[in-house]
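Notes for the one structure printed next.
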Amino acid sequence: MEQFHGAVFLISIAPTHRMKRAVKRGTKSSRRRGAAPIELYYWPTPNGWKISIMLEECGLPYVVYPIDISKGEQFTQRFLAISPNNRIPAIVDPNGPGGRPIAVFESGAILQYLGRKTGKFYPRDERARVAVDEWLFWQMGGLGPMAGQAVHFRRYAPEQIPYALARYTDEVNRLYGVMNTRLAGREFLAGRYSIADIACVGWVRLAERQGQDLAQFPHLNRWFEAIRARPAVKRAFAIRVEAASKVDVNDPKVRAVLFSQRAR
């Protein structure tokens with residue numbers, strides 16, 4: 001068990017159907033309130049980083065349960081009860097609406113939920129919230145899927161397909177240009193630091209894998225350096241799941257789990 005600010009991280013766990021609640025930890029104020037930790041079902045990916053960053057930024061007590069997606073732990077019945085799309089991240093908040101537990105899946109929905117719960121990084125003013133939602137959904141529908149495809153065809157595809165490489169690398173480049181233009185006249189995507197920035201930073205962290213050079217996007221690069229220098233973001237990126245570093249994507253069994261799923 002490895003301890004970080006405001007949370008306990010379980011680095012090696014049994015499959016999800018044998019999971020047990022971890023020791024409650026958190027900030028001094030949350031411990032005085034007897035707050036139960038939020039359960040974060042996680043793997044170190046840009047989508048997983050979104051939620052660890054948000055939890056750290058909000059100072060919420062939480063416990064991380066790594067879901068080894070290379071071994072198919074995302075398909076266990078217990079995890080599917082939390083995340084029916086069999087994807088990380090997902091959370092269970094024991095102190096949900098009305099004081100009752102709630103499970104939330106999909107990273108954008110989790111960010112919005114935590115923003116409403118804490119009143120942080122997700123403004124109540126409708127005009128300001130619309131601006132945040134625009135850039136959050138821009139990430140969910142554009143930057144994330146396109147960057148993910150670029151990484152897949154550049155790093156994991158069994159053969160190099162020139163059309164696919166150009167299609168997704170160029171589209172990510174276009175999206176980075178959109179961000180760069182947006183950030184030319186403002187510090188953050190929606191004015192103030194928000195869940196929109198939290199949603200995007202993990203994807204920009206992998207720019208090189210996507211075939212992008214941040215030096216070509218000075219405003220975006222300035223934004224990225226400012227966000228990754230935040231203490232909460234540093235703590236979130238510092239989470240280490242040992243099993244993740246040992247995944248062999250060339251193993252046919254691993255590739256079948258990660259890349260060859262159909263309806264069940």
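Okay, here's what the table says:
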{"quantity": "Tally of residues being open to solvent by 70 Å² or more (accessible area, probe 1.4 Å), within 23 Å of the chain's Cα centre (by Cα) and within 23 Å of Glu225 (Cβ to Cβ) across region 155-199", "calculated": "3"}
{"quantity": "Selection within region 185-226 - among the charged types (D, E, K, R) and in a helix (DSSP H, G or I)", "calculated": "Asp197, Arg205, Glu208, Arg209, Arg222, Glu225"}
{"quantity": "Residue within region 192-208 that is touching a helix residue (DSSP H, G or I) at 6+ places or on another chain (Cβ under 8 Å), over 22 Å from Phe237 (Cβ atoms) and not polar (S, T, N, Q) present", "calculated": "no"}
{"quantity": "Out of Gly72, Gly98, sole residue that is over 18 Å from the mean Cα position of the chain (by Cα), open to solvent by 20 Å² or more (accessible area, probe 1.4 Å) and among the small types (Gly, Ala, Ser)", "calculated": "Gly98"}
{"quantity": "Unique residue being under 20 Å from Ala236 (Cβ atoms), within 14 Å of the chain's Cα centre (by Cα) and surrounded by fewer than 16 Cβ atoms within 10 Å (Cβ to Cβ) when the list is Ala90, Ala109", "calculated": "Ala109"}
{"quantity": "Contacts under 8 angstrom Cβ, first residue in region 83-109 being assigned to a helix (DSSP H, G or I), partner exposed (fewer than 15 other Cβ atoms within 10 Å of the Cβ) and not polar (S, T, N, Q), 6 or more apart", "calculated": "Gly108/Phe137"}
{"quantity": "Residue match in region 133-141 (condition: in contact (Cβ under 8 Å) with a residue 24 or more places away in the chain, open to solvent by 20 Å² or more (accessible area, probe 1.4 Å) and aliphatic (A, V, I, L, M))", "calculated": "yes"}
{"quantity": "Set Gly202, Gly211: member being within 15 Å of the chain's Cα centre (by Cα) and in contact (Cβ under 8 Å) with a residue 24 or more places away in the chain", "calculated": "Gly202"}
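The values are calculated or read from the model by the stated rules, or taken from the named source; none is laboratory data. If you're wondering where the values come from, they're calculated on a predicted model, not measured in any experiment. Backbone-built Cβ (ideal geometry, glycine too); neighbour counts: all protein chains shown. Note: areas computed on protein heavy atoms with side chains; ligands, DNA, RNA excluded. Shrake-Rupley method; radii C 1.70, N 1.55, O 1.52, S 1.80 Å.
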